[in-house]
Amino acid sequence: MIEIRPAKSDESPGRELITAMLAELDALYGKRDGFRPTATPAELAPPDGAFFVAWEEHHPVACVGLKRLEADLAEVKRVYVIPKYRSRGIASDMLEYVETVARERGYKRLRLQHGADQPHALALYTGAGYHAIGDYNGNVYAAHWAEKTLS
């Protein structure tokens, strides 16, 4: 059983989860010199954004963020689950949770992106109802862009 709580992306444990995520991406795609995540801590904070950490007992196990793009459009950011906690549905739970928060904040659509070598991410997002769209942000490290209309 996990508990999802609001957090800050630039404070512990959010900062450490994002650092672990970036290390995994570097291992997967090679060191990306000068690359820094585009969403700032302020953009991943209320009132327009959000950041959450999932806890199992006293251990942070996952994170997800929300960044405003337009009045009714936001982007899902920093979906990450610590490797030993994967394949338990936590990423799906996090995605569903952030979608609920987005609806509550008045967002009508969500977008996201990920790299070519992340088949589990593609399966997660497709299974959650995200459909492929064109490149919306010019991220040279992304290969898949998707959007979902929130009901």
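Computed over the chain, the range of Cα coordinates on each principal axis works out to 35, 35, 29 Å, biggest value leading.
Taking a point 7 Å out from the Cα of Ala116 in the direction of its Cβ, the residues of the stretch 133-151 whose backbone N falls within less than 12 Å of it are 141-144.
Put the Cα centre of the stretch 121-151 next to the Cα centre of the stretch 1-51 and the gap is 18 Å. Overall, the anisotropy analysis places the stretch 74-151 in the oblate class: the square-rooted eigenvalues a ≥ b ≥ c of its C-alpha gyration tensor yield a/c not less than 1.5, with a/b not exceeding b/c. Under the simplified labelling scheme, the His58-Asp93 pair shows an inter-label distance of 1.9 nm, with each label point 7 Å from Cα along Cα→Cβ. Straight-distance candidates among the lysines for linking to Lys31, with alpha-carbon spacing under 27 Å and chain neighbours fewer than 8 residues away dropped: Lys8, Lys67, Lys77, Lys84. Please list, by residue number, everything in the stretch 3-28 whose backbone N is under 14 Å from a paramagnetic label point 7 Å out along Cα→Cβ of Arg86. So the set is 20-28.
Coordinate-derived values only; no laboratory data. Please read these numbers as outputs of a predicted model, since none were measured by experiment. Note that each Cβ is placed from the backbone with ideal geometry, even for glycine, and that neighbours are counted across all protein chains shown.
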